[in-house]
Amino acid sequence: GRLVVLVSGSGTNLQALLDASADPSYGARVVAVGADRAGIEGLSRATRADIPTFVEKLGDYATRADWDTAIAARIAAYEPDLVVSAGFMKILGTPTLDAFPLLNTHPALLPSFPGAHGVRDALAHGVKVTGCTVILADQGVDSGPIVAQQAVPVLAGDDEKVLHERIKTVERRLLVETVGRMVREGWTVSGRSVRIGNDTR
Ligand code: GRF
């Protein structure tokens with residue numbers, strides 16, 4: 001299966017997908033990497049792997065709708081079977097959502113702590129367990145049907161950086177496993193949940 005991955009920062013989730021796709025039995029490969037800003041490590045990771053990249057900056061467009069249309073066209077050029085938003089810090093609108101299935105990974109147990117500061121918010125709330133979530137994105141912020149989740153403990157003395165790194169170790173594995181299974185086995189959306197293959201979960 002053909003993946004287009006969208007990044008805005010370090011791209012370690014992207015790197016995990018690149019590493020996994022080196023094994024032909026994984027069944028998916030990254031055909032392009034897109035970003036909303038230039039000069040980020042995520043783009044360098046793609047270039048080092050000889051994978052085409054594109055950048056579409058919101059500020060280059062007169063309206064958000066124009067940006068949405070432009071980024072959907074860049075994605076479409078690579079004919080993906082699945083688009084994966086991995087640390088992409090923009091909400092994608094209907095031009096993309098209507099054209100492609102879009103997976104998003106979030107460093108909290110949705111519906112708790114959605115948005116750009118899920119790790120900080122969970123820590124501030126004093127939870128003892130947080131985690132990461134893979135969802136099929138809809139027009140909302142981190143609000144689509146849930147595909148996979150995994151819990152991560154919050155430890156005494158954690159700060160946002162330490163906790164986020166602990167979550168990302170789990171998140172990268174969960175994303176790689178989930179993307180691979182969805183591409184190999186297919187999936188169905190049933191209400192607020194997505195079932196992969198003939199999963200009973
Ligand atoms: C991930 O934890 C993602 O869930 C969050 O930001 C982080 C991006 O990390 N939105 P990376 O760019 O994949 O290293």
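Annotation: lysines with alpha-carbon distance below 20 angstrom to LYS161 (same-chain offsets under eight excluded): LYS128. Normalised by 2.2 N^0.38 Å, where N is the number of residues, the C-alpha radius of gyration of the stretch 135-201 stands at 1.30.
In terms of Cα atoms, the Rg and Dmax of the stretch 18-88 work out to 13.1, 44 Å. Computed 3J(HN,Hα) for the stretch 82-95, one whole-Hz value per residue from the Karplus formula 6.51 cos²θ - 1.76 cosθ + 1.60 where θ = phi - 60°, is 7, 9, 10, 8, 10, x, 8, 9, 10, 8, 8, x, 4, x, glycine and proline marked x.
In the neighborhood of GLU79, defined by Cβ-to-Cβ distances under 14 Å, what is the net charge if each Lys or Arg adds +1 and each Asp or Glu adds -1?
Cβ neighbours under 14 Å give a net charge of +2.
Charge dipole of the stretch 1-67 (Cα centre as origin; +1 on each Lys and Arg Cβ, -1 on each Asp and Glu Cβ, all else neutral): 20 debye, rounded to the nearest 20. Here, the chain is characterised by an Rg to Rh ratio of 0.95, where Rg is the alpha-carbon radius of gyration and Rh the Kirkwood radius.
Once the dipole of the chain is set up with Lys and Arg at +1 and Asp and Glu at -1 on Cβ about the Cα centre, which of PRO52, VAL189, GLY42 lies farthest towards its positive end? About the Cα centre, the residue reaching furthest to the positive side is VAL189.
Which one of LEU58, LEU109, LEU82 has the biggest mean-square fluctuation once the chain is modelled by GNM with Cα springs under 10 Å? Looking only at LEU58, LEU109, LEU82, the largest GNM fluctuation is found for LEU58.
The Cα atoms of the stretch 58-134 define a convex hull whose projected area, averaged across directions, is 5.9 nm². Looking at the chain alone, DSSP beta bridges between its own residues are antiparallel in about 45 percent of cases.
Separation of the stretch 155-201 and the stretch 120-146, taken as the distance between their Cα centroids, equals 11 angstrom. Assuming charge only on the beta carbon of Lys and Arg (+1) and of Asp and Glu (-1), the dipole of the chain about its Cα centre is about 300 debye to the nearest 20. Remark: the stretch 42-157 carries a charge dipole of roughly 480 debye about the Cα centre, counting +1 on each Lys and Arg Cβ and -1 on each Asp and Glu Cβ.
Every read-out reported here was derived from the displayed coordinates using simple, explicitly stated rules and does not represent laboratory data. Predicted model only: the values in this text are computed from it and were never measured. Ideal geometry is used to build each Cβ from the backbone, glycine not excepted, and the neighbour counts take in all protein chains shown.
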